[in-house]
Amino acid sequence: QVQLEESGGGLVQPGGSLRLSCVASGSFFVIDVMGWYRQAPGKERELVATANNFGTTNTADSVKDRFTISRDNAKDTVYLQMNSLQPEDTAVYYCYTKVITITKGTPYIYWGQGTQVTVDS
């Protein structure tokens, strides 16, 4: 079992910045991918950005110029630096990880509980 603990959400004015963090904990697994999805009211959950163990990132076009994902593999942590936030970025942001079990090499996906980001003046 893997637990994901998110932090860093909150209320920010348009044009402001926030940094989200997510720490993975548990036993007997190797992290393959970590990242962020978001879900706005009345909309489907969508990819924001992911990063794999090799440092390859995948970032949604809608945020590519403003958001930066990074990982600290030694700390099993993923960050999302969000700059120039706009009201349309308001959503619940969910941490995501794909892990591989050490014993059988089985992949599993886990989600965090979500952290609210609200962009409003």
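If you put +1 on each Lys and Arg Cβ and -1 on each Asp and Glu Cβ, how big is the dipole of the chain around its Cα centre, in Debye rounded to 20?
The calculated dipole for the chain is roughly 260 debye.
Could you tell me the calculated FRET efficiency between T103 and N52, based on Cβ-Cβ distance and R0 = 25 angstrom, to the nearest 0.05?
Efficiency at R0 = 25 Å is approximately 0.70.
Considering only DSSP beta bridges with both partners in the chain, what is the antiparallel share in %, to the nearest 5?
Taking every DSSP beta bridge within the chain, about 95 percent pair in antiparallel fashion.
Spin-label point model (7 Å from Cα, Cβ direction): what's the E5 to D32 distance in nm?
Between E5 and D32, the simple spin-label model gives 2.6 nm.
Which whole-Hz couplings ³J(HN,Hα) result when phi for each residue of segment 3-11 is put into the Karplus expression 6.51 cos²θ - 1.76 cosθ + 1.60, θ = phi - 60°, listed in order with x for Gly and Pro?
Values per residue, Gly and Pro as x: 10, 10, 10, 9, 7, x, x, x, 9 Hz.
Could you give the length gained by full extension between T68 and S84, i.e. 0.36 nm per residue of separation minus their alpha carbon distance, to one decimal place?
Taking T68 through S84 to full extension adds about 4.6 nm, to one decimal.
How high is the FRET efficiency from K43 to Q13, r the C-beta distance, R0 25 Å, rounded to 0.05? Intermediate values should be presented prior to the final figure.
Numbers: r = 22 Å, r/R0 = 0.89.
For K43 and Q13, the calculated efficiency is 0.65.
Once the whole set of protein chains is in place, how much accessible area is left on D61, using a 1.4 Å probe, in Å² to the nearest 10?
The accessible area of D61 comes to roughly 130 Å².
Could you identify which residue out of I102, I69, I31 has the top mean-square fluctuation in a GNM of the chain using Cα springs shorter than 10 Å?
The residue with the greatest mean-square fluctuation here is I102.
Quick one: of K43/K75; K43/K64; K64/K98, which pairs are farther than 27 Å apart, Cα to Cα?
K43/K75
The values are calculated or read from the model by the stated rules, or taken from the named source; none is laboratory data. If you're wondering where the values come from, they're calculated on a predicted model, not measured in any experiment. No Cβ is skipped: glycine too gets one built from the backbone with ideal geometry, and neighbour counts run over all protein chains shown. Protein only, heavy atoms only, side chains kept; ligands, DNA and RNA dropped before computing areas. Shrake-Rupley method; radii C 1.70, N 1.55, O 1.52, S 1.80 Å.
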